[in-house]
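The structure appears right after this line, and notes come after that.
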Amino acid sequence: MNIKDLIKIIGLGKTRDFSALAKLENFEIKGISCNSKEVKKDFVFVAIKGVREDGNMFIDEAIDRGAKAVIVSSSVVRRPSSVKIPFIKVKDTRKALAKLASVFSGNPSLKLKVVGVTGTNGKTTITYLIEALLSEARFSPSVIGTINCRFNGKVFSSKNTTPGPLELQSLLARTLKENVDYAIMEASSHALDQDRTGGINFHSAIFTNLTQDHLDYHKTMDNYFSAKAKLFKNIDSSSFVVINNDDAYGRKIPALTRAGVITYGIKNSAHVRARDIRFSPSRVEFMLECSKGKIKISSSLIGMHNVYNILAAAAWGINEGIDLSTIEGAIAKFSSVPGRLERINARKGFSIFVDYAHTEDALRNVIGALRQVLEGSGSASFGVKKKIIVVFGCGGERDKTKRPLMGRVVSELSDFAIICNDNPRSEFPLEIIEDIKRGISKDNYSVIPDRLEAIRKSLFMAKPGDIVLVAGKGHENYQVLNDKTIHFDDREAIRECLKSMN
């Protein structure tokens, strides 16, 4: 595609100086980038002012590397004297980049059914469940999310929950070429706020819940919700959305969207509901009811939060026309999600779980689910109460206000907590731990900053029948300590410690 065609198609805005469209030297675009270091010959460079760096400071570098046109914000008053190529001004460079990425990739979301899943908790599990439903129904799905990106047996690592627009559109275009029917993607609040998904035509969208997280970025819960709500405000009227009607923020969405609305819930009336919920140490069972009938759901995903996750996926599948028997069978076969209440085989008489929970609400849900496991298996034997021991920390350079909240919920709901490092990044680990301790009023905890030693201590503390939960990192296989990233996987660390106990 050439530069003139691209400008006409997406209506970027007016060009200035000698780069007025009529005089613009036409050229075939070889690529687009907002990273000056990735620019090559005949690229278009989009100068974005980011959270940490301003792309306008790297225009010269982009030109030196071969950029043949530069797109900047209309707030840039004048063209730098060094710029001797087309200098195109637009109102919003992020939105321009999203449109550019889509057009340059052939607008794949117009030919592919893209499902966006957003909310504080449950996004990853729901994408896995929908993937399972579609596979059971003989479709070919792809998933783009926190753990990885995958389709047709191919797996790619993920740097972000939701990739940038260039990588995202490239992924969608690639899946389309490989005859994928659906792309199920997690849509993070950062991605929505930064218009990474701005060039996508969503077939449908799901809202899970909203609880405190990312306030270091969004500042207020209203801003956080507004970022999530963009997905539903921008979706087409021919699409449909699935919302959690038991969530206060979810109930605001119908008034904000043009799309058809499908609700799910347990407490409030909804199109898809769960009744007669029963928990056992290894499964959850309930009756799913909707206008098309009833099915008995039996799943190895334990906990009330997973009942909601299953309802969300099922509600989406029902509205998409997947029959109830297929949904019932797919959920029964589905086993687990990496790093989400993932059980580690201990063979020591106690149970070990790894989970990604890193918010107050997620910890409440996970510890509550494990408490149900203890109660289902008999919480006491010969007068000895079985315990839940939690190993956790909080990430550095992230929402500091949730740290005492996480400390409080772990102290209140578990029997003993060991506070350690998560990913402290550039913050002092002991200062993060002090923030956590401010929310704790009980004395049922200890501090062991070294995560491996904290895990080791928890396993030596555990007695037969107890449960150890290592929370916060889940599937992650790294730890960020200041400016150094080291390999660290909670699951591997647990197995290493178990070996030393033999």
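Quick rundown of the values:
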{"quantity": "Qualifying residue in region 242-252 (condition: open to solvent by 20 Å² or more (accessible area, probe 1.4 Å), in contact (Cβ under 8 Å) with a residue 60 or more places away in the chain, closer than 30 Å to Leu341 by Cα and in contact with a strand residue (DSSP E or B) (Cβ under 7 Å, 6 or more places away or on another chain))", "calculated": "yes"}
{"quantity": "Contacts under 9 angstrom Cβ, first residue in region 457-483 being on the phi > 0 side of the Ramachandran plot, partner among the polar types (S, T, N, Q) and not in a loop (DSSP other than H, G, I, E, B), 6 or more apart", "calculated": "Gly465/Ser351; Gly465/Ser377; Gly465/Ser381; Gly474/Thr124"}
{"quantity": "Test result for Ile310, open to solvent by less than 40 Å² (accessible area, probe 1.4 Å), touching a residue at least 12 places away in the same chain (Cβ under 8 Å) and under 21 Å from Gly368 (Cβ atoms)", "calculated": "yes"}
{"quantity": "Qualifying strands (runs of 3 or more DSSP E) (wholly inside region 141-187; at least 3 residues being open to solvent by 10 Å² or more (accessible area, probe 1.4 Å))", "calculated": "154-157"}
{"quantity": "Single unsatisfied condition, Lys89 versus (1) over 26 Å from the mean Cα position of the chain (by Cα); (2) free of Cβ contacts under 8 Å to residues at least 12 places away in the same chain; (3) open to solvent by less than 60 Å² (accessible area, probe 1.4 Å)", "calculated": "(2)"}
{"quantity": "Members of region 417-438 that are open to solvent by 60 Å² or more (accessible area, probe 1.4 Å) and in a loop (DSSP other than H, G, I, E, B)", "calculated": "Ser426, Phe428, Arg438"}
{"quantity": "Odd one out for Arg196, checked against (1) on the phi > 0 side of the Ramachandran plot; (2) open to solvent by 30 Å² or more (accessible area, probe 1.4 Å)", "calculated": "(1)"}
{"quantity": "Only listed residue being more than 20 Å from Gly339 (Cβ to Cβ) and either crowded, with 18+ Cβ neighbours inside 10 Å or modelled with pLDDT of 95 or more (or both), chosen from Ser500, Ser458, Ser441, Ser414", "calculated": "Ser441"}
{"quantity": "Hey, Gly465 assigned to a loop (DSSP other than H, G, I, E, B), closer than 21 Å to Glu397 by Cβ and either modelled with pLDDT under 95 or open to solvent by less than 20 Å² (accessible area, probe 1.4 Å) (or both) or not", "calculated": "no"}
{"quantity": "Test: Ser109 is at pLDDT below 95 and of a type in the set (S, T, N, Q)", "calculated": "no"}
{"quantity": "Region 118-140 - residue that is over 21 Å from Asn234 (Cβ atoms) and among the charged types (D, E, K, R) and, of those, least open to solvent (accessible area, probe 1.4 Å)", "calculated": "Glu131"}
{"quantity": "Breaking point among (1) free of Cβ contacts under 8 Å to residues at least 60 places away in the same chain; (2) surrounded by 21 or more Cβ atoms within 10 Å (Cβ to Cβ); (3) touching a Pro at 6+ places or on another chain (Cβ under 9 Å), for Thr257", "calculated": "(3)"}
{"quantity": "Near pairs, Cβ below 7 angstrom, 6+ apart or cross-chain, from region 320-337 (in contact (Cβ under 8 Å) with a residue 12 or more places away in the chain) to any residue that is assigned to a helix (DSSP H, G or I) and open to solvent by 50 Å² or more (accessible area, probe 1.4 Å)", "calculated": "Thr326/Glu136; Gly329/Glu136; Ala330/Glu136"}
{"quantity": "Every residue from region 323-345 that is open to solvent by 10 Å² or more (accessible area, probe 1.4 Å) and either under 21 Å from Gly116 (Cβ atoms) or touching a helix residue (DSSP H, G or I) at 6+ places or on another chain (Cβ under 8 Å) (or both)", "calculated": "Leu324, Thr326, Gly329, Lys333, Phe334, Arg340, Leu341, Glu342"}
{"quantity": "Residue count for region 150-174, restricted to those that are within 22 Å of Cys34 (Cα to Cα) and either of a type in the set (Asp, Glu) or out of contact with any Cys (no Cβ under 7 Å at 6 or more places or on another chain) (or both)", "calculated": "16"}
{"quantity": "Test: residue in region 63-74 that is more than 26 Å from the chain's Cα centre (by Cα), more than 16 Å from Ile3 (Cα to Cα) and open to solvent by less than 10 Å² (accessible area, probe 1.4 Å)", "calculated": "no"}
{"quantity": "Residue match in region 413-428 (condition: among the basic types (Lys, Arg), more than 22 Å from Ile147 (Cβ to Cβ) and within 27 Å of the chain's Cα centre (by Cα))", "calculated": "no"}
{"quantity": "Whichever residue in region 264-280 is out of contact with any Asp or Glu (no Cβ under 9 Å at 6 or more places or on another chain) and in contact (Cβ under 8 Å) with a residue 40 or more places away in the chain and, among such residues, is least open to solvent (accessible area, probe 1.4 Å)", "calculated": "Ser280"}
{"quantity": "Hits in region 382-411 - residues which are open to solvent by 30 Å² or more (accessible area, probe 1.4 Å) and either on the phi > 0 side of the Ramachandran plot or in contact with a His (Cβ under 9 Å, 6 or more places away or on another chain) (or both)", "calculated": "Phe382, Gly383, Glu397, Arg398"}
{"quantity": "Tally of residues being touching a residue at least 60 places away in the same chain (Cβ under 8 Å), among the hydroxyl-bearing types (Ser, Thr, Tyr) and part of a loop (DSSP other than H, G, I, E, B) across region 188-230", "calculated": "4"}
{"quantity": "Verdict on Phe286 being within 30 Å of Val391 (Cα to Cα) and in contact (Cβ under 8 Å) with a residue 12 or more places away in the chain", "calculated": "no"}
{"quantity": "Residue that is least open to solvent (accessible area, probe 1.4 Å), among those in region 444-455 that are of a type in the set (Val, Ile, Thr) and not in a loop (DSSP other than H, G, I, E, B)", "calculated": "Ile455"}
{"quantity": "Any hit, region 26-33, residues being aliphatic (A, V, I, L, M), modelled with pLDDT of 95 or more, under 21 Å from Pro165 (Cα atoms) and in a strand (DSSP E or B)", "calculated": "yes"}
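The values are calculated or read from the model by the stated rules, or taken from the named source; none is laboratory data. Owing to the predicted nature of the structure, the values given are computational and were not obtained by experimental measurement. Counting neighbours? That spans all protein chains shown, and the Cβs are built from the backbone with ideal geometry, glycine included. Heavy atoms of the whole protein, side chains included, go into the accessibility calculation; ligands, DNA and RNA do not. Shrake-Rupley method; radii C 1.70, N 1.55, O 1.52, S 1.80 Å.
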